[in-house]
Amino acid sequence: MTLLLFILFIVGILLTILAYLMKERTWFWLPLFVFGSLLVALPLLVLIYFLTLFSIN
């Protein structure tokens, strides 16, 4: 699970960088940027959720 979240995080960063690099050439960068940002945010939110879940109990 942790490895999958880490892979999603890395893929999200790479998609965001790719979207930034192709921003001037086509319109496709916007959905790619949004998808990449979600892939960056999702593992961080899951990590924060589990860290706070264990600290509450």
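The values are calculated or read from the model by the stated rules, or taken from the named source; none is laboratory data. Please read these numbers as outputs of a predicted model, since none were measured by experiment. Here the Cβ is made from the backbone with ideal geometry for all residues, glycine too, and neighbour counts use every protein chain on show.
Annotations
- Taking the stretch 1-20 as the range and being modelled with pLDDT under 85 and among the aliphatic types (A, V, I, L, M) as the test, the residues that pass are M1, L3, L4, L5.
- Scope the stretch 1-45; condition over 11 Å from the mean Cα position of the chain (by Cα) and either in a loop (DSSP other than H, G, I, E, B) or of a type in the set (V, I, T) (or both); matching residues: M1, T2, I17, M22, K23, E24, R25, T26, W27, F28
- Per the listing I13, I7, the residue uniquely hydrophobic (A, V, I, L, M, F, W, C), touching a residue at least 12 places away in the same chain (Cβ under 8 Å) and on the phi < 0 side of the Ramachandran plot is I13.
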